[in-house]
Amino acid sequence: MIKKNLTTISSSYLTKQKNNLKCKKGQQFIMEGAPVNGLFFILKGTVKVFRTGINGREQIVRFAKEGEIIGHRGFGTEEYYSIGAIALQDSVLCYFSKENLQAALLETPKLAYDMMLFYANELNRSESKVKSISQMTVRERVIDTLLYIHRKFGDLRGFLNLPLSRKEYADYAGTTEEQVIRIFSALKKEKLITSQGRKIGISNLDLLKKEINEHNYFLDS
């Protein structure tokens with residue numbers, strides 16, 4: 001969907017208005033609470049999108065990769081970003097200002113229609129995810145996180161192609177680092193996963209899926 005929008009945008013006058021930004025690994029390019037001034041499209045790399053929860057705890061909303069959009073939830077509706085975003089690896093971003101994008105949406109009906117469908121799909125997925133997560137145990141949420149990373153980033157030499165810290169797994173699953181360590185240990189004993197430092201490999205994908213099938217694990221990609 002977003003890749004199609006990038007093609008649409010590239011064929012318009014916005015080509016002259018865009019800015020490409022290079023972000024080093026660990027660099028934050030959206031500050032939570034900062035004024036909304038535009039949208040970012042990921043041309044290369046992987047990004048962590050997060051927001052601050054209760055007691056200042058970080059909650060990871062999603063991981064985004066090439067072809068995806070960042071900062072869209074506040075576009076046109078809010079004055080300040082409700083999320084922050086950090087590059088997990090060296091990344092290249094394409095930035096469009098809020099004013100230029102608004103002009104493009106008025107000028108290009110196809111782009112406006114595609115964006116409308118994109119927002120509708122995002123809302124549906126978000127609502128479905130909230131419902132599923134609320135009914136999951138901690139173990140199921142951790143497994144859901146592993147499957148989400150597997151679906152989205154795939155494998156590389158037997159391990160998930162997005163090495164994350166145990167804290168990052170916890171921040172996405174909505175639990176503690178200690179709980180993640182315990183659950184990973186149990187999953188290893190059950191021969192469902194393997195690990196090597198930060199790297200996690202899925203040994204039995206079908207059994208992991210079976211544990212959370214009733215929650216429609218495939219909703220989030």
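The values are calculated or read from the model by the stated rules, or taken from the named source; none is laboratory data. The structure displayed is predicted, hence computed values, not measured ones. So basically every Cβ, Gly included, is an ideal-geometry build from the backbone, and we count neighbours across all protein chains shown. Calculation scope for accessible area: heavy atoms of the full protein, side chains included, ligands and nucleic acids excluded. Shrake-Rupley method; radii C 1.70, N 1.55, O 1.52, S 1.80 Å.
Some values worked out for this structure:
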quantity	calculated
Helices (runs of 4 or more DSSP H) fully within segment 133-221 counting 2 or more residues that are out of contact with any strand residue (DSSP E or B) (no Cβ under 8 Å at 6 or more places or on another chain) and polar (S, T, N, Q)	177-189
Check on residue 210, over 22 Å from the mean Cα position of the chain (by Cα) and open to solvent by 30 Å² or more (accessible area, probe 1.4 Å)	yes
Scope segment 126-156; condition among the small types (Gly, Ala, Ser), modelled with pLDDT of 90 or more and surrounded by 11 or more Cβ atoms within 10 Å (Cβ to Cβ); matching residues	none
Condition broken by residue 159, with the remaining ones in (1) at pLDDT 95 or above; (2) closer than 19 Å to residue 46 by Cβ; (3) out of contact with any Lys or Arg (no Cβ under 7 Å at 6 or more places or on another chain) satisfied	(3)
Hits in segment 91-109 - residues which are touching a strand residue (DSSP E or B) at 6+ places or on another chain (Cβ under 7 Å) and surrounded by fewer than 17 Cβ atoms within 10 Å (Cβ to Cβ)	92, 97, 98
Subset of segment 18-33 that is over 26 Å from residue 161 (Cα atoms) and surrounded by 13 or more Cβ atoms within 10 Å (Cβ to Cβ) - its residue that is modelled with the highest pLDDT	32
Pair list, Cβ under 7 Å, 6 or more apart: segment 48-67 residue polar (S, T, N, Q), other residue open to solvent by less than 40 Å² (accessible area, probe 1.4 Å) and in a strand (DSSP E or B)	59/50
Among (1) hydrophobic (A, V, I, L, M, F, W, C); (2) at pLDDT 85 or above; (3) outside any strand (DSSP E or B) - the single one residue 123 does not satisfy	(2)
